[in-house]
Amino acid sequence: MKNIFKNKKNGMGMVEVVVGSAIISVGILGLIGVYNYYLQIMVHNTPNIQAAYLLEEGIESARLLRDQSWNDNIATLSVATSTQYYLVFNTTTSKWTTTSGNVALIDGLFDRTITASSTYRNSNHDIVPKGTSGATLDASTTLITAKVSWRSGGATTSKSISAYLTNIFGN
């Protein structure tokens, strides 16, 4: 008698190829989905990274202003009214300056300002809040706060960083 089921083995090979192809396709589609998600996160996080660099640049610019002349650049900033100052880089003199007037947005997106605040110390020379008993004004130390804000998705996002600057050069 002839074996009529002789070629059944070939059909199983075809099923294995289809199942293997499906597994590989699902894996590749999963990798593509993860990559697209990564790109979305990266694009949405870019302004945060740029803002962090602009904040650091703001504090470094204030340090450069201090190094050039405390009396001309830092001591003249209004600490009583919390005036917001814009940093402007003069390409002719290669120096930073401050202005209280509005300037163009950085990269058409970011608004960066700095503010100066008075610093008070106690009898141990520790920095204390204004109004603390025994607090005296330290005219050689100023708290500089850099703030960067930008519009994103119909809302404004702001980040800030602060640093104390002292008149270490006595200028």
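Read-outs: derived from the displayed coordinates by stated rules, not from any lab. The structure presented is a predicted model; accordingly, all values stated were derived computationally and were not measured. Cβ coordinates were reconstructed from backbone atoms using ideal geometry, including for glycine residues, and neighbour counts include every protein chain displayed.
Calculate the dipole size of segment 1-122 relative to its Cα centre from +1 charges on Lys and Arg beta carbons and -1 charges on Asp and Glu beta carbons; express the result in debye to the nearest 20. Working shown, then result.
Details: 9 positive and 8 negative charges, 216 e Å.
Here the size comes out at about 1040 debye.
Note on the chain: with a GNM built from Cα contacts shorter than 10 Å, the maximum mean-square fluctuation among Thr91, Thr83, Thr99 falls on Thr91.
Model label points for Asn124 and Arg151, set 7 angstrom from Cα along the Cα-to-Cβ axis, are 4.9 nm apart. Anyone know which of Asn90, Asn124, Asn36 comes out most mobile in the 10 Å Cα GNM of the chain? Of Asn90, Asn124, Asn36, the Gaussian network model singles out Asn124 as fluctuating most.
Given the peptides 143-151, 12-20, arrange them by the average over their residues of other C-beta atoms within 10 Å, most packed first. It would help to have the intermediate numbers written out before the result.
Working: 143-151: 19.6, 12-20: 9.6.
Put in order of decreasing packing, that is 143-151, 12-20.
Net charge of the neighbourhood of Ile144, taken over other residues with C-beta under 12 Å away and scored Lys/Arg +1, Asp/Glu -1, is +2.
Note on the chain: GNM, Cα springs under 10 Å; of Ile23, Ile32, Ile106, the largest mean-square fluctuation is that of Ile23.
Across the chain, Cα pairs under 8 Å and at least six residues apart give a relative contact order of 19 percent.
Remark: spin-label model distance Val18-Thr83 equals 8.0 nm, labels positioned 7 Å along the Cα→Cβ axis.
For the chain, the Stokes-Einstein estimate of translational diffusion at 25 °C and a viscosity of 0.890 mPa s comes to 117 µm²/s, using the Kirkwood hydrodynamic radius over alpha-carbon pairs. Loop-located GluC sites (Glu not before Pro) across segment 32-124 with a Cβ neighbour count of 12 or fewer within 10 Å are lacking, with loop assigned by DSSP. Answer rounded, prolate or oblate for segment 118-171, using the Cα gyration tensor with square roots of eigenvalues a ≥ b ≥ c: rounded when a/c is under 1.5, else prolate when a/b is larger than b/c, else oblate. The shape class here is oblate.
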